[in-house]
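The values are calculated or read from the model by the stated rules, or taken from the named source; none is laboratory data. A quick note: this is a predicted structure, and the numbers were derived from the prediction, not measured. Virtual Cβ from ideal backbone geometry, glycine too; neighbours counted across all protein chains shown.
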Amino acid sequence: MRRSEIRDLLKFTRQPDLISFAGGLPAPETFPLKEIENICTQILHEKGALALQYGPTEGEYVFRQQIANWMAREKPSIKPENILVTSGSQQGLDILGRVFLDPGDTAIVELPSYIGALQAFTAYRARLIGIIQDDEGMRIDLLEKTLDKYAKRKKKPKFIYVVPDFQNPSGVTMSLDRRTKLLKLAYKHEIPVVEDSPYRDLRFTGQNVPPIYALDKENQVITLGTFSKLLCPGLRLGWLMAPIEWMDRMVVAKQAMDLNSPSFTQLIAAEYIKRGLLKEQINNIRTLYKKKRQLMLDALQKYMPKGVTWTKPEGGLFLWVRLPRKMSANDLFIKAIDNKVAYVIGSAFHCNGKGQNTMRLNFSYASDAQIDEGIKRLAKMIKENMYPT
Ligand SMILES: Cc1ncc(COP(=O)(O)O)c(C=O)c1O
């Protein structure tokens, strides 16, 4: 197992006077403290014994029902039996690694891709094949070539992992055309698609694109969801949604990991949804992050030198900055920390070690004033290193 570069780098970003665009942290002012306090009291009064007891590995049925209803907005056939509650969607990734991957197996990921997935899959000693992304998502023409190559060798990848909505790290959303073509290829080669979508409900602009599971006609998609970015990450609540015939294996894998996710937090989230609070919460978050995203885009436009480009995500928490080819965001990182501003190096999201000239910026966590000041510092530093005196 490799040490996580992100975790190592995040150690630097804990300094109190540092402006951090590094973590993927939601804005803490969005956490519904009062409502959760009130709900906790009610649950302990009414269902204390259930809440504090062991629970079913699959999850509390009321909660699974609510998640199924949530997911059925886009595909009415979804049932609670399709849902396995997980301790964050990170655990969903670990479960998939455990179920699908043996040492030496291959799996397809995007270039760049979510670092937590890369870690989870490589922990099972899988070999990851990265497919380049452009502003419409994974390049399906390159995926096709890769799958054909592996089909000839009779060693097909175990799954194709994508983060199709406002991707972590790039902020890119996969187009409908690419989603449809991805499924076609997955059917042709009989390879499951893993759709990891923590940011799906955080769209600020642009047209809704259907989730891949809603387009799937052959029961070949596994979708991961989470309340980390909608409610709060501290509850550690996510879910894995899969065709019913695959569920047993997922449940057995999870059972060996932690028996069950806490019933207490599941009941809290269930009551929160029952009270109809989730939609309003999401609307508030969207409004806040939309503003912060715009502040960051404006600051980038104002301060960055020519030759630096960035994505303009339609939702989510991140955008992706590309420096001129010869510059290294890795080399600049310590200088950035000296200037009291932090980002995550883009190469950490590349399973092939490339992407040295890229960086991920988070816009949900820093205050409005910090966003402007932080980008100004970053731009100054980049300029100085572009044209050394
Ligand atoms: C794409 C993606 N998947 C999974 C996770 C894990 O989220 P959690 O375990 O908090 O649900 C994250 C967190 O940032 C993410 O960006």
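See the values below:
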| read-out | value |
| --- | --- |
| Cβ pairs under 7 Å, 6+ apart, first in the range 186-213 and farther than 27 Å from Pro233 by Cα, second away from the ligand (no atom under 15 Å from the Cβ) and among the acidic types (Asp, Glu) | Tyr187/Glu218 |
| The lone exception for Pro313 - which of (1) part of a helix (DSSP H, G or I); (2) of a type outside the set (A, V, I, L, M, F, W, C); (3) in contact with a Ser or Thr (Cβ under 8 Å, 6 or more places away or on another chain); (4) within 16 Å of the ligand (Cβ to nearest atom) it fails | (1) |
| Residue match in the range 163-175 (condition: over 23 Å from Arg293 (Cβ atoms), touching a helix residue (DSSP H, G or I) at 6+ places or on another chain (Cβ under 9 Å), of a type outside the set (D, E, K, R) and in contact (Cβ under 8 Å) with a residue 12 or more places away in the chain) | no |
| Close pairs from the range 80-94: first closer than 14 Å to Glu195 by Cβ, partner of a type in the set (Phe, Trp, Tyr), Cβ under 9 Å, at least 6 apart | Ser89/Trp239; Gly92/Trp239; Leu93/Tyr114; Leu93/Phe121; Leu93/Tyr161 |
| The range 102-139: number of residues that are surrounded by fewer than 22 Cβ atoms within 10 Å (Cβ to Cβ), of a type outside the set (Asp, Glu) and either more than 16 Å from the ligand (Cβ to nearest atom) or within 21 Å of Ile212 (Cβ to Cβ) (or both) | 12 |
| The range 29-53 residues that are more than 29 Å from Ser367 (Cα to Cα), paired with ones that are at pLDDT 95 or above and of a type in the set (S, T, N, Q) (beta carbon under 7 Å, 6 or more apart) | Leu50/Ser263; Ala51/Ser263; Gln53/Ser263 |
